[in-house]
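See structure below.
Readers should treat all values here as calculations from the given coordinates under stated rules, not as data from a laboratory. Keep in mind the model is a prediction, meaning the values are calculated, not measured. Here the Cβ positions follow ideal geometry from the backbone for every residue, glycine too, while neighbour counts run over all protein chains shown.
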Ligand SMILES: C[S@@+](CC[C@H](N)C(=O)[O-])C[C@H]1O[C@@H](n2cnc3c(N)ncnc32)[C@H](O)[C@@H]1O
């Protein structure tokens, strides 16, 4: 059995917050560079800590810091106990813009479907995120993005779906590469790719029973599925 099937009971509206993050994280991990390690990992924008659960079970992580802004740490602690991972996953509440960790602390920082909410501005990666990963460590990010900038009727449909300002959070792989290379290309190796799990991750979100999933299904079926993608970002701190 594919290991992702072990998590199928979480593919519901009570756990998922968007396109199936198990699929995204699984692909992000499958495509890691050979020297990446997860021993001490920060799950940045962990949501309901589903991604922390997967990292804890499916990598060499010894500790996973489940860090999130919208979800209280106590709520996540209850979930982490349900997952029977309270000795490995540490729930924390806080803002990515003001993290309380020691510098050079993490082997890996992983962020799934969250980084675009705070990371689209110049300087954020260099000043707020990169300092916390060790030399030789990785920051690995999966975000929803665009294959290309929509034009005309498709642009209007996209902006209606994303509701105004949120449209600014969706960027192409080339845009992310330029932003990150401009900030840290001199001290990091940076690779940006498009994910392949798009159809499955969205379909499982549509099928989750979540009301936002039903709305997303309607918009994607009108043609948005042709311009959206998921962007995978790997940054090694040298
Ligand atoms: C769509 S959810 C994804 C959660 C989880 N990674 C997953 O894939 O299931 C996005 C998460 O990003 C978090 N987030 C947004 N802005 C943040 C910030 N400034 N600092 C920390 N977390 C943030 C939110 O709290 C939210 O739980």
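Can you pull out every residue in segment 194-238 that is surrounded by fewer than 16 Cβ atoms within 10 Å (Cβ to Cβ) and closer than 24 Å to residue 129 by Cα?
Hits for segment 194-238 are 194, 238.
Listed here are the residues, each with its yes/no results for (1) in contact with a strand residue (DSSP E or B) (Cβ under 9 Å, 6 or more places away or on another chain); (2) surrounded by fewer than 14 Cβ atoms within 10 Å (Cβ to Cβ).
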site: 93; (1), (2): yes, no
site: 116; (1), (2): yes, no
site: 125; (1), (2): yes, no
site: 136; (1), (2): yes, yes
site: 151; (1), (2): no, yes
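In segment 9-26, how many residues are in contact with a helix residue (DSSP H, G or I) (Cβ under 9 Å, 6 or more places away or on another chain), assigned to a helix (DSSP H, G or I) and over 14 Å from residue 196 (Cβ atoms)?
3
May I ask you to list the residues in segment 161-186 that are surrounded by fewer than 16 Cβ atoms within 10 Å (Cβ to Cβ) and out of contact with any helix residue (DSSP H, G or I) (no Cβ under 8 Å at 6 or more places or on another chain)?
Within segment 161-186, 163, 164, 165, 166, 168, 174, 178, 181, 182, 185, 186 qualify.
Among the residues of segment 27-49, how many are within 12 Å of the ligand (Cβ to nearest atom), outside any strand (DSSP E or B) and more than 11 Å from the chain's Cα centre (by Cα)?
Residues flagged as within 12 Å of the ligand (Cβ to nearest atom), outside any strand (DSSP E or B) and more than 11 Å from the chain's Cα centre (by Cα) within segment 27-49 amount to 2.
Within segment 9-25, is there a residue that is farther than 16 Å from residue 203 by Cα, within 15 Å of the ligand (Cβ to nearest atom) and surrounded by fewer than 16 Cβ atoms within 10 Å (Cβ to Cβ)?
yes
Tell me which residues, restricted to segment 164-197, are touching a strand residue (DSSP E or B) at 6+ places or on another chain (Cβ under 6 Å), over 16 Å from residue 117 (Cβ atoms) and touching a residue at least 12 places away in the same chain (Cβ under 8 Å).
172, 173, 177, 180, 188, 189, 190, 191, 192, 193, 194, 195
Return a yes/no flag: does segment 124-141 have any residue that is within 14 Å of the ligand (Cβ to nearest atom) and farther than 25 Å from residue 33 by Cα.
no
If you take the residues of segment 50-97 that are part of a loop (DSSP other than H, G, I, E, B) and near the ligand (Cβ under 8 Å from one of its atoms), which of them is nearest to residue 10 (Cα to Cα)?
Filtering first and then ranking leaves 71.
Which residues, taken from segment 98-114, are in contact (Cβ under 8 Å) with a residue 60 or more places away in the chain and assigned to a loop (DSSP other than H, G, I, E, B)?
Scanning segment 98-114 gives 105, 113, 114.
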